[in-house]
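Asker: The structure's right below; bear with me while I get my questions together.
The values are calculated or read from the model by the stated rules, or taken from the named source; none is laboratory data. What you are looking at is a predicted structure, and each value in this text was computed from that prediction instead of being measured. Heads up, the Cβs are rebuilt from the backbone with ideal geometry, glycines too, and the neighbour counts pull from every protein chain shown. Calculation scope for accessible area: heavy atoms of the full protein, side chains included, ligands and nucleic acids excluded. Shrake-Rupley method; radii C 1.70, N 1.55, O 1.52, S 1.80 Å.
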Amino acid sequence: MTSNVSGDPRSASWEEVEQRLAELADLAASGAAADPFHAQLLDAVVQLLAAEGGACWLFDEAGQLLPRHQANWQALHLSDSRANARHDDLLVACLHRRQAMAIPADAPLDADLAQAGTSLANPTGHLLAFCPIMVEEIPVGVVEVFLQREPNLAGQRGMLQLLGAVAELAADYHRTRQLRELRESSRDLDGLARFVDRIHGSLEPEAVDYALANETRWLLGCDRVTVLRQQRRGQRVTAVSGADQIHTRSEGVTALEHLANVATHTGEPIYYGGDSSVAPELLPLFEAYIDSTHAHRVAVLPLAAAELEQLSDDSVGDSVHSVHSSRRSYGTLILEQWEGDWPEGMRSKAAWVAPLAASAQRNSEEIGALPLLFLSRWLRSVGWLFGPRGRPRAALVLLTLAAALACLLLIPAPLRVRARGQTQPQRRARIYAPHDADVQSVSATDGQRVKRGAPLLTLRSLALEAERDQAESKLQTAQARMDVIDIEMVTETDAEDKTGRQSRLAAERRELELLCKLHQQRVSEVKDQLRELQMTSPIDGEVLSWMVRSELSD
């Protein structure tokens, strides 16, 4: 014999409740993502209790309780701030009580839930039911449902029992997820140890930046990492993961440097793409860079490290020392994702990577700024000559150098230098297409000598031709309408309507005259652009490009 859970004839039977709870338990144990799990959990609760709607509240990283998923939430009519505040007080009261509770419509809370000096009440016309999600006595969220019809006392107890069972499944899911995150953190620590070892394996700035680019990409799992280093004229790209050479004058590198120089002034990481919010003044910079690289998501991580400045005060005789800490920017890491979302846990790992990368760049910069560094490196490389066992070898080297110097000074010899070279023209001009177009014909060949103004290429742009025809058609239509208006203005009509009719026609004709000027101007502009598609030689010279016709034809 089956019985209802909430006293509502629409609610589920115990067999269906057990089946849905078993499905949720399997989903919690499967390691599903947080959003699908909580969405299915809320749907199951609303369906089993025949509730009108509900919400799943979870704490975010900042410790704020936010609605992760909602179902028919607008039915509560929490439109004003006062009702929202009272509802938030009910959530806080549920977390303090740490057990499921049901609040009838427009009813105050009992004395053990109300806080000192405050009165808590249900601000809605529905029965509200809450149950906290507890993991090791620590609340991680709240499951809430609301019903239009209030069940009897037995139905309320069954509803709260079901909410408690669902909250326990959610707690098991969060407990399993935390255990999985701890295991992943252990693996991340091993990867982080390798990362630290690789980026501090050298003190050469170039080697450090390339290690940062490649190791950061491996550690975070993103598609590409670019390293910029702070220089006198701003930040410059010094390394790109998976690339041996960098075209410093390319459009993408220029846009990236401009973006980094502006975005790093905030001192905080910036993530662009998806649901991430970016300051309005930075949006054009991100869009310009994405247009040149077609990346789907971009992140900017400033690399700043603390510097300690020691201050002293000797004005009273006794020296009083104080330490002032300031942060200095050494560079920037640019992370890119070509498609899809960021890898899971990437942002938390990026928070570890940024200070370590800043430390590596600072060490390489400080070591590189030491005076006479080249001399100390040379002495270290030849140190084997100056030890106790290296004196005979040092004497032999010195004698060899002295003999070579004497030969250079005493034996005359002619100096002949052979080198292979290639002549380059004194003046060179490059030709670019003024607009997007197709190559229709090629008049020049490689090695051909041409005069200034001689035709080289003929381009054709179907878009410009279509735009020209459309503008001419609009111009002809406007002119034809003007002719019709001129005829209508001289046509005799009734005396009563003649003045108003003439005014309307005159106004329409002035508007058409303005349209004709605009269309005529656009026709002239498009024709000028079409004339520019006839590419000519800007100087007298010789065509240097190889296999021009085979490369550019069609």
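Asker: Counting Lys +1, Arg +1, Asp -1, Glu -1, what net charge surrounds G242 among other residues with beta carbon under 13 Å of its beta carbon?
Answerer: After counting each charged neighbour, the total is -2.
Asker: With no solvent and one point on each alpha carbon, what is the Debye value of log10 I(q)/I(0) for region 477-543 at q = 0.22, 0.23, 0.27, 0.28 Å⁻¹?
Answerer: Reported log10 I(q)/I(0), two decimals: -0.92, -0.96, -1.10, -1.13.
Asker: List every residue whose amide H lies under 5 Å from the amide H of R224, counting only residues 5 or more places away in sequence or on a different chain, with H placed 1.01 Å from N in the peptide plane.
Answerer: Here the answer is E336, since their amide H atoms fall under 5 Å of that of R224.
Asker: A further question on this structure: What does the helix-only formula give at 222 nm for the chain: each DSSP H stretch with n ≥ 4 adding -39500 (n - 2.57), the total divided by the residues, and the result rounded to the nearest 500 deg cm²/dmol? Before the final figure, lay out each step's value.
Answerer: Details: 13 runs with 258 residues, N = 554.
It comes out at -16000 deg cm²/dmol, rounded to the nearest 500.
Asker: Let me ask another. So what is the accessible area of region 169-228 per residue, in Å², with the probe set to 1.4 Å?
Answerer: Roughly 51 Å² per residue, with all protein chains present.
Asker: Using the Cα gyration tensor of region 14-54, with a ≥ b ≥ c the square roots of its eigenvalues, what is the shape: rounded (a/c below 1.5), prolate (a/b larger than b/c) or oblate (neither)?
Answerer: Oblate, since a/c reaches 1.5 and b/c is not below a/b.
Asker: Additional query: Enumerate the lysines that K517 could reach by cross-link, defined here as Cα to Cα under 22 Å, with residues fewer than 8 away along the same chain left out.
Answerer: K474, K527
Asker: Another question, if that's okay. Keeping all protein chains in position, work out how much accessible area K498 exposes to a 1.4 Å probe, and write it in Å² to the nearest 10.
Answerer: About 100 Å², rounded to the nearest 10.
Asker: Take the Cβ-Cβ distance between R328 and A394 as r, set R0 to 60 Å, and report the resulting FRET efficiency rounded to the nearest 0.05.
Answerer: Details: r = 44 Å, r/R0 = 0.73.
Efficiency for this residue pair is about 0.85.
Asker: With the convex hull built on the Cα atoms of region 20-110, state its orientation-averaged projected area in nm².
Answerer: That works out to 7.2 nm², a quarter of the Cα hull's surface.
Asker: Right, here's the next one. If you put +1 on each Lys and Arg Cβ and -1 on each Asp and Glu Cβ, how big is the dipole of the chain around its Cα centre, in Debye rounded to 20?
Answerer: Dipole magnitude for the chain comes out near 3740 debye.
Asker: Mark the label point 7 Å from the Cα of A351 along Cα→Cβ and return the residues of region 191-219 whose backbone N is within less than 17 Å of it.
Answerer: Within reach of a label on A351, which here means backbone N under 17 Å from a point 7 Å along Cα→Cβ, region 191-219 contributes 192.
Asker: With contacts defined as alpha carbon pairs under 8 Å and 6 or more residues apart, what's the relative contact order of the chain in percent?
Answerer: RCO, the chain: 9 percent.
Asker: Hey, another quick one. Please work out whether the chain counts as rounded, prolate or oblate from its C-alpha gyration tensor, where a ≥ b ≥ c are the square roots of the eigenvalues and a/c under 1.5 means rounded, while otherwise a/b larger than b/c means prolate and anything else oblate?
Answerer: Oblate, because a/c is 1.5 or more while a/b does not exceed b/c.
Asker: Identify, among A506, S537, L475, the residue whose Cα sits farthest towards the positive end of the charge dipole of region 404-554, taking +1 on the Cβ of Lys and Arg and -1 on the Cβ of Asp and Glu, with the dipole about the Cα centre.
Answerer: S537
Asker: Testing the spin-label approximation: label points 7 Å from Cα along Cα→Cβ at A404 and A34. State their distance in nm.
Answerer: Each label point is offset 7 Å from its Cα along the Cβ direction, giving 6.7 nm.
Asker: Placing unit charges on C-beta atoms (Lys and Arg positive, Asp and Glu negative, everything else neutral), compute the dipole magnitude of region 187-226 about its Cα centre in debye, rounded to 20.
Answerer: Charge dipole, region 187-226, about its Cα centre: 160 debye, nearest 20.
Asker: Please list the non-local residues whose amide H lies under 5 Å from the amide H of S441, H modeled 1.01 Å from N, same-chain partners needing a gap of 5 or more.
Answerer: Distant-sequence amide H within range of S441: T458.
Asker: Can I ask one more? Of the listed peptides 36-46, 171-181, what is their order by residue-averaged count of other C-beta atoms within 10 Å, with the highest listed first?
Answerer: So the peptides 36-46, 171-181, ranked by packing, come out 36-46, 171-181.
Asker: If you take the square roots of the eigenvalues of the alpha-carbon gyration tensor of region 214-291 and sort them as a ≥ b ≥ c, do you get rounded (a/c under 1.5), prolate (a/b over b/c) or oblate? Walk me through the numbers on the way to the answer.
Answerer: Working: a/c = 1.57, a/b = 1.19, b/c = 1.32.
Cα axes put region 214-291 in the oblate bin.
Asker: Suppose R0 equals 56 Å. What FRET efficiency, 1/(1 + (r/R0)^6) with r the Cβ-Cβ distance, do I367 and R452 give to the nearest 0.05?
Answerer: FRET efficiency, I367 to R452: 0.50.
Asker: Rounded to a whole number, what % of the accessible area of the chain do carbon and sulfur atoms account for, probe 1.4 Å?
Answerer: Carbon and sulfur atoms account for 52 percent of the accessible area of the chain.
Asker: Pop a pseudo-label 7 angstrom from the Cα along the beta-carbon direction at both A480 and Q74 and give the gap in nm to one decimal.
Answerer: 4.8 nm
Asker: What is the set of long-range amide H partners of V135 at a cut-off below 5 Å, with H atoms built 1.01 Å from backbone N?
Answerer: Those qualifying (amide H under 5 Å, at least 5 residues apart or on another chain) are V140.
Asker: All other residues with a Cβ under 13 Å from the Cβ of L160 taken together, and with Lys, Arg as +1 and Asp, Glu as -1, what is their net charge?
Answerer: Spelling it out: positives minus negatives among the neighbours equals 0.
Asker: Okay, moving on. Just grab the label-to-label distance for R149 and E287, each label 7 Å out from Cα along the Cβ direction, in nm (one decimal).
Answerer: So the label points at R149 and E287 sit 5.4 nm apart.
Asker: With r as the distance between the Cβ atoms of S545 and S186 and R0 = 60 Å, compute the FRET efficiency 1/(1 + (r/R0)^6) and round to 0.05.
Answerer: Working: r = 59 Å, r/R0 = 0.98.
With R0 = 60 Å, the Cβ-Cβ based efficiency is 0.55.
Asker: Among H38, A165, Q521, flag the residue with its Cα farthest along the positive direction of the charge dipole of the chain, charges on Cβ as +1 for Lys/Arg and -1 for Asp/Glu.
Answerer: Q521
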